[in-house]
């Protein structure tokens, strides 16, 4: 879900966690594991689905579409939808984190949660906070610096104020102190 990077950064294949991303997947509907192999061994993914990880990933479908965009969960089918262009050219670290983020949405979808609850703005939606929190924790685990995590979180469809709220919600920015509070001497 990120802006276009200056150059594609590839993770070693296979990555240290054992996952592989098929950057050359053709447009169409296919098994998640055809595009994102080995994710059942990723600790962050196992934390999402627990003992159901292998079954969920084996049953999950991904729709690769020839359009601009990033990733999302289709709230009717439960499939992950990805832009073929983003799959092919997106920064591999951010693509990996986006997959973690969307897998949280898959679990939420399976639990019957409303993924696009219009009572909340995008950054205040509980489902988004949970998904971004998982991605941020994984970003820290794989060694991304705070600046890189902030770049990952900064998406073009949110305002600067919303960006600040998202940072606070996912715990990478200290909560602002109420005005007038100062340390007492």
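Bridge orientation summary for region 20-169: considering DSSP beta bridges with both residues in this region, about 70 percent are antiparallel.
Put in line by how crowded their Cβ is, counting other Cβ atoms within 10 Å and starting with the fewest, 122, 132, 152 read 122, 152, 132.
Give me the tail of P(r) for region 20-169 as a percent: Cα-Cα pairs with distance above 27 Å. For region 20-169, the share of Cα pairs beyond 27 Å comes to 17 percent.
Shown for 77, 127, 89: other C-beta atoms within 10 Å of each C-beta, ranked fewest to most, produce the order 77, 89, 127.
Assuming 0.36 nm per residue, please report the length gained on full extension of the stretch residue 156 to residue 137 beyond their Cα-Cα distance.
Details: separation 19, 0.36 × 19 = 6.84 nm, distance 2.18 nm.
Using 0.36 nm per residue and subtracting the Cα-Cα distance, I get 4.7 nm.
Listed by Cβ neighbour count within 10 Å, with the fewest neighbours leading, 86, 120 appear as 120, 86. How far apart, in nm, are two points set 7 Å out from the Cα along the Cα-to-Cβ line at residue 146 and at residue 61? Modelled inter-label distance: 4.4 nm.
Quick note: the coordinates plus some simple rules give every number you see, no bench work behind them. Keep in mind the model is a prediction, meaning the values are calculated, not measured. All Cβ positions, even for glycine, are placed from backbone atoms using ideal geometry, and neighbour counts span all protein chains on display.
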